[in-house]
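Input: a single structure, listed below in structure tokens.
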Amino acid sequence: MKPPVVVIQGLCSGFSVRGVRSVIHQDLNLTIARGEFLSIVGGSGGGKTVLLRQMLGLETPLQGTVTVLGEPASELGGAGAASRVGMLFQHGALFSAFTVLENIAFPLRELGVLPKNLIHDVAMVKMQMVGLDPATAHKMPSDLSGGMVKRVALARALVMDPPLLLLDEPTAGLDPDAADAFCTLLRSLHQELGLTVVMVTHDLDTIFELSTRVAVVADKHVIVDAPLREAIHFPHPFVQDFFLGERGLRAMEVLHPRTQDV
Amino acid sequence: MSASGSPYFASKPVTRGTIHAISASPLITPVQHTLPRITKETSSEGESLVLRGSWSAGALAHLDHWTPLQESLLRHAKADAEATWDLRHIERLDHTGAQLLWNTWGRHWPRHVLVLDLQRDTLNRVARFAVLPPKPHRTTPKEMFLKLGEWIMGIESHAESALRLTGQLALDVLHFLRDPSKAPWRDISGHIYRVGTTALPITALVGFLIGVVLAYLMSRQLRQFGADAFIVNILGMALIRELGPVLAAILIAGRSGSAITAQIGVMRVTDELDAMRVMGIRRGYRLVFPRALALALVMPLLAAWTTVAALLGGMLAADLSMGLSPEYFLIALPKVVQLSNLWLAMGKSVAFGLLIALNGCHFGLRVLPNTQSLGEGTTASVVTSITMVILVDALFAVLFKGVGL
């Protein structure tokens, strides 16, 4: 039995804005096993991104524990964090003052030991692994298209080969072609590198295409945590609307053969 | 792989289960790094270089791991070309480790190598994608010459858009005078509050302290000549005519000039400026005019406020350091400083206010839709505002040298 990568137990999180406390998660439990591609879905403002930020240690739980790779998530952010978790932010979060190559090489360069040539070689390999042309190496982030920004951000997240990759809306803001290409890339990286991937998204196509498991966050809990085929039949109004609404059925129809073998 | 000599791969490890089981172990538990090391072992099959430990970026990047490891890698690569590289005992080989080996091997497979499937995949990816990054572009003298031209044209374009902005402001003032009821009054009062009211504490504090310091320094010098009473002349003239307005203007340039550029710049970054244009709202009238009006109104008041605070500080310091009573100070002040100095200071402050507002708007409107440009614009705005305030102050000093002296 492989130990799980992420274990969340009894998590409560919330904010207090001007004295008014709003609870986002109450007693939330979630376990993510090695090698999974887990999609977290839920309504807008339902706390999906907050859950992701809890796993990164960017938020502090009010109660409960978040354990990532056997350690509390709050201790994740120390030196060399890039070798433990990679995060793809929704808008890429590239450093706008650096070129593409410098952005990708940044986590390695900050370690301050490895020679520049080696770091550049590693960054160039990662750049091409995510399907970028070597000629883009010296471009600035402001000169890139949305799809390219996401690819650079993905290469940067993976530069130290972390076993866990978190994605926040990986296909948002991409045109359908770019989104499909990005999905294909994510799937091949997931398989080739043996990554554990956690993804927050609204995009049904992406969910059907990639996930091996789906966790639905609603009513401050994870209401379902199951393979896609089981999850879509869960009797909860949000799940029914989300997956079996018009858009859901359409997405499933297109991907029918694939949904079968999930 | 057959092209690179005659390497042979252990496609499956002899001892350890399936690929799957191995794929699980080397990629996980990255937190404890074991020392990456290389040892030379001799067996019946010949010499082999056995690699052990964790060959990952995190483990390699320890200074006490890196230096000896690099030395032994280079030594072995040179001396033992015929030896078999045995990678099967590596706990974790990531792309950085693979790249390191690949570079050590001279960017091709060594003659004999024993790898696990997963490691071979990683090495193959490195082999496939290892290209040198393209050379960064070097600027040639011709390009530098062209850059100079660009820079000069840039000045011209700054001048042009500054002129345009000023002209538009003049038109907006006419528009305002024709129908003041339709003016953006809420914006104006908001800016007056933000630029003026909230700046009262900081300007008072800075003014007061400058007054204290100036009076204290002057009193030491004046006492040497027995000219104690002249402290009123010096403080009154310097603070009312020069320091009060300039201090207030510099503080406001740093505080509000940058804020104006940042506000308008963010509107550019988030497309709000284009949204206004699409809706047919005149941005000059809604963005530039209220700020210019608010600053032109507020600056003289702030200058007066700063001057009063500085005079209070000076009065206090004069009392403490040379026993010059505040009553004497207040009675002497109107006699030695003509009223025209105050009017000059107020007029100057209106000009400073307009200048800071226009400057802030000018740089804000020129921000390009990216965050770096926003930062550059804000810096440029503050630096230019402060420089302009001092230049214009010098201009006033020359133009009005016959007034109030």
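With +1 on the Cβ of every Lys and Arg and -1 on the Cβ of every Asp and Glu, and nothing else charged, how large is the dipole of chain B about its Cα centre, in debye rounded to the nearest 20?
580 debye
Could you work out, residue by residue across A:152-164, how many beta carbons of other chains sit within 10 Å of that residue's beta carbon, and then give the average as an integer?
The mean count of partner-chain Cβ atoms within 10 Å per residue comes to 3.
Please name whichever of A:Gly42, A:Ala153, A:Pro170 sits farthest to the positive end of the charge dipole of chain A, dipole taken about the Cα centre and charges placed at Cβ: Lys and Arg +1, Asp and Glu -1.
Of the listed residues, the answer is A:Ala153.
When DSSP assigns beta bridges and you keep just the ones with both residues in chain A, what percent turn out antiparallel, to the nearest 5?
55 percent
Net charge within 13 Å of A:Arg151 by Cβ-Cβ distance, Lys/Arg positive one each and Asp/Glu negative one each, not counting A:Arg151 itself?
Spelling it out: positives minus negatives among the neighbours equals +3.
Using a simple charge model, +1 on the beta-carbon of Lys and Arg, -1 on the beta-carbon of Asp and Glu, nothing else, what dipole does chain A show about its Cα centre, in debye to the nearest 20?
500 debye
Would you grab the residues whose amide H sits under 5 Å from the one on A:Ala218? Only those 5+ places off in sequence or on another chain, please, with H modelled 1.01 Å from N.
A:Ile223
Fewest to most neighbouring Cβ within 10 Å: what's the order for B:Val350, A:Val197?
Fewest to most other Cβ atoms nearby, the residues stand as B:Val350, A:Val197.
How large is Rg over Rh for the range B:215-324, taking Rg from the Cα atoms and Rh as the Kirkwood inverse mean of 1/r across Cα pairs?
Reported Rg/Rh (Cα atoms, Kirkwood Rh): 1.27.
Loop sites only, by DSSP: take the GluC sites (Glu not before Pro) in chain B that have at most 16 other C-beta atoms within 10 Å and name the longest stretch containing none of them.
Formally, the longest exposed-site-free interval is B:83-405.
Which of A:Leu58, B:Leu35, B:Leu101 sits farthest toward the positive end of the charge dipole of the protein assembly as shown, with +1 on the Cβ of Lys and Arg and -1 on the Cβ of Asp and Glu?
In the protein assembly as shown, that residue is A:Leu58.
With all pairs of different alpha carbon atoms counted, what Kirkwood hydrodynamic radius in Å does the range B:365-405 show?
12.2 Å
Within 10 Å of each Cβ in peptide B:95-107, how many partner chain Cβ atoms are there on average? Round it to a whole number, please.
Whole-number average of other-chain Cβ neighbours for B:95-107 is 4.
At q = 0.10, 0.15, 0.18 Å⁻¹, work out log10 I(q)/I(0) for the range A:34-167 with the Debye formula, treating every Cα as an identical point scatterer and leaving solvent out; two decimals please.
-0.36, -0.78, -1.05
Expressed as a fraction of 2.2 N^0.38 Å, the rule-of-thumb size for a compact globular protein of N residues, what is the C-alpha radius of gyration of chain A?
Dividing the Cα radius of gyration by 2.2 N^0.38 Å gives 1.02.
Report, for the protein assembly as shown, the % of DSSP beta bridges that are antiparallel, rounded to 5.
50 percent
What does the helix-only formula give at 222 nm for the protein assembly as shown: each DSSP H stretch with n ≥ 4 adding -39500 (n - 2.57), the total divided by the residues, and the result rounded to the nearest 500 deg cm²/dmol?
Counting only the DSSP helices, I get -17000 deg cm²/dmol.
Can you tell which of A:Phe234, A:Phe98, A:Phe15 shows the greatest fluctuation in a Gaussian network model of chain A with Cα springs below 10 Å?
A:Phe15
Give me the distance between the Cα centres of the range B:276-316 and the range A:65-134, rounded to whole Å.
46 Å
Using alpha-carbon positions, what is the distance between the centroids of the range A:1-36 and the range B:194-212, in Å?
First find each Cα centre; the distance between them is then 48 Å.
So what is the relative contact order for chain B, in percent, with contacts set as C-alpha pairs under 8 Å and at least six apart?
Once normalised by length, the contact order is 17 percent.
Please express the Cα-Cα pair-distance distribution P(r) of the range B:19-129 as a list of whole percents, one per 10 Å bin, running from 0 to the bin with the greatest distance.
For the range B:19-129, the binned pair fractions read 14, 50, 33, 3 percent.
What does the average come to when, for each residue of peptide B:59-66, you count the partner chain Cβ atoms lying within 10 Å of its Cβ?
Average neighbour count from other chains, rounded to a whole number: 4.
Among all the lysines, which ones have a C-alpha under 26 Å from B:Lys335's C-alpha, if same-chain residues fewer than 8 places away are not counted?
Within the straight-line cut-off, B:Lys335 pairs with B:Lys348, B:Lys401.
I need the Debye-formula profile for the protein assembly as shown: one equal scatterer per C-alpha, no solvent, reported as log10 I(q)/I(0) at q = 0.10 1/Å, two decimals.
With no solvent term, the Cα-only Debye profile gives -1.03.
Which aspartates and glutamates, if any, have their Cα less than 18 Å from the Cα of B:Lys78, not counting same-chain residues under 8 positions apart?
Candidates past the 8-residue exclusion: B:Glu41, B:Glu47, B:Asp86.
For chain A, take the longest principal axis of its alpha carbons; what is the angle in degrees between that and the long axis of helix A:176-193, to the nearest 10 within 0 to 90?
80 degrees
Among the listed pairs A:Lys150/B:Lys147; A:Lys2/A:Lys48; A:Lys2/A:Lys150; A:Lys126/A:Lys220; A:Lys150/B:Lys135, which have their C-alpha atoms separated by more than 29 angstrom in this model?
A:Lys150/B:Lys147; A:Lys2/A:Lys150; A:Lys126/A:Lys220
Of all DSSP beta bridges located in chain B, what percent are antiparallel, nearest 5?
Within chain B, antiparallel bridges account for around 45 percent of the total.
Report the charge-dipole magnitude of the protein assembly as shown in Debye, nearest 20, computed about the Cα centre from +1 at each Lys and Arg Cβ and -1 at each Asp and Glu Cβ.
1300 debye
Laboratory data are not the source of any read-out in this text; all were calculated from the coordinates shown. Predicted, not measured: the structure shown is a model, and the values here were computed from it. Heads up, the Cβs are rebuilt from the backbone with ideal geometry, glycines too, and the neighbour counts pull from every protein chain shown.
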